[in-house]
1. Do you know which residues across the range 51-66 are part of a loop (DSSP other than H, G, I, E, B), within 9 Å of residue 23 (Cβ to Cβ) and within 16 Å of ligand 1 (Cβ to nearest atom)?
2. Condition check: crowded, with 16+ Cβ neighbours inside 10 Å, farther than 11 Å from residue 29 by Cα and either out of contact with any Lys or Arg (no Cβ under 8 Å at 6 or more places or on another chain) or β-branched (Val, Ile, Thr) (or both). Does residue 71 satisfy that?
3. If I go through the range 24-43 residue by residue, how many of them are of a type outside the set (A, V, I, L, M, F, W, C), within 16 Å of ligand 1 (Cβ to nearest atom) and in contact with a helix residue (DSSP H, G or I) (Cβ under 8 Å, 6 or more places away or on another chain)?
4. Quick test for you: out of 58, 107, 69, pick the one residue that is of a type outside the set (A, V, I, L, M, F, W, C), at positive phi and in contact (Cβ under 8 Å) with a residue 60 or more places away in the chain.
5. Scan the range 20-46 residue by residue and report those that are surrounded by fewer than 20 Cβ atoms within 10 Å (Cβ to Cβ) and not in a loop (DSSP other than H, G, I, E, B).
6. Anything in the range 67-81 that is within 13 Å of ligand 2 (Cβ to nearest atom), assigned to a loop (DSSP other than H, G, I, E, B) and out of contact with any Phe, Trp or Tyr (no Cβ under 6 Å at 6 or more places or on another chain)? List them, or say none.
7. I need the full set of residues from the range 82-107 which are in contact with a Ser or Thr (Cβ under 7 Å, 6 or more places away or on another chain) and either more than 12 Å from ligand 2 (Cβ to nearest atom) or assigned to a loop (DSSP other than H, G, I, E, B) (or both), in order please.
8. Looking at the structure I just gave you, is residue 13 among the polar types (S, T, N, Q) and part of a strand (DSSP E or B)?
Amino acid sequence: MSAAAAIDPRDVSECQSCGACCGHSTAWPRFSLESDDELALIPAALVAEDLSGMRCDGNRCAALSGEIGKAVTCRVYAVRPIVCRDCLPGDDACQMARAAAGMGKWGEPSG
Ligand code: SF4
Ligand code: SF4
């Protein structure tokens, strides 16, 4: 069995030392099918002026704390947008974001 296959693709623990998808693009943390009630739970200061998604500083979502590739947390994790919930470690969007950030593929040994 390969190292990649041994990792549960839904195991998000590696995200805490990554955060590449959260700093990938202003178009990333956009809102989609969230209800008004769900969106109301996200602090207004972290929402884009045009209300299209999360506010970004450069390409980086304003809700992201920490250093990408080292240690990160999402400050609105419990109420994060659907696109963030749908991105799973190891899926295509994850791998694209990691590659863009100059990081190795998820699930493959870094050394
Ligand atoms: S790019 Fe992948 S591993 Fe990194 S935080 Fe996003 S989902 Fe997690
Ligand atoms: S809301 Fe959280 S999970 Fe979504 S992009 Fe921002 S920091 Fe990442």
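The values are calculated or read from the model by the stated rules, or taken from the named source; none is laboratory data. Just so you know, these numbers come straight off a predicted model, no measurement behind them. Counting neighbours? That spans all protein chains shown, and the Cβs are built from the backbone with ideal geometry, glycine included.
1. First, pick out the residues of the range 51-66 that are part of a loop (DSSP other than H, G, I, E, B): 51-52, 55, 58-59, 62-63.
Imposing the further condition that a residue be within 9 Å of residue 23 (Cβ to Cβ) reduces the set to 58-59.
Answer for the range 51-66, where residues must be part of a loop (DSSP other than H, G, I, E, B), within 9 Å of residue 23 (Cβ to Cβ) and within 16 Å of ligand 1 (Cβ to nearest atom): just 59.
2. Criteria not met by residue 71.
3. Residues in the range 24-43 being of a type outside the set (A, V, I, L, M, F, W, C), within 16 Å of ligand 1 (Cβ to nearest atom) and in contact with a helix residue (DSSP H, G or I) (Cβ under 8 Å, 6 or more places away or on another chain): 3 in total.
4. Testing whether each residue is of a type outside the set (A, V, I, L, M, F, W, C), at positive phi and in contact (Cβ under 8 Å) with a residue 60 or more places away in the chain leaves just 107.
5. The answer is 30, 36, 37, 38, 39, 40, 44, 45, 46.
6. Scanning the range 67-81 gives 68, 75, 76, 80.
7. Result: 104, single match.
8. Values: among the polar types (S, T, N, Q): yes; part of a strand (DSSP E or B): no.
No: the conditions fail for residue 13.
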